[in-house]
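Some notes on the structure that comes next.
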Amino acid sequence: MGLDPGIDHMSAMQLVQEIKDRGGIIKSFISHCGGLIAPESDNNPWHYKITWNPANVVNAGKTGAVYKHRGAVTEKKAIKIFSKTIRRLI
């Protein structure tokens, strides 16, 4: 976890490289940039603390997402990015 997407990415890549340098194999990696919420403060449907402008989170979601999950490239269209949260709010 980092406090900025760039810092989060750089620290994650450093950790990945250290593991590989020691002969380790990474089977799974999930990044939660921003901050995981403390259970006593979990009062929003995303279960996440947004540490940057919330409008930018929504704007970033408008482009969709491409990521690797269990070895396969996964793509989500923008309409799907917040669909789970929207269903919880309705």
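Looking at the range 64-78, which of the residues that are in a loop (DSSP other than H, G, I, E, B) and more than 15 Å from the chain's Cα centre (by Cα) is farthest from Ser28 (Cα to Cα)? Explain how you work it out, then say what you get.
Going residue by residue through the range 64-78, those that are in a loop (DSSP other than H, G, I, E, B) are 64, 70-71, 77.
Filter once more, so that each one left must be more than 15 Å from the chain's Cα centre (by Cα): 70-71, 77.
Values: Arg70: 7, Gly71: 9, Lys77: 23 Å.
Selected residue: Lys77.
The C-beta contact set for the range 78-90 (first residue more than 16 Å from His47 (Cβ to Cβ), second residue modelled with pLDDT of 80 or more and charged (D, E, K, R), distance under 6 angstrom, 6+ apart or interchain) comprises Ala78/Lys62.
The values are calculated or read from the model by the stated rules, or taken from the named source; none is laboratory data. As the structure is a computational prediction, the values presented were derived from the model and not from experiment. When we count neighbours, we look across all protein chains shown, and the Cβ atoms used for this are built from the backbone with ideal geometry, even at glycine.
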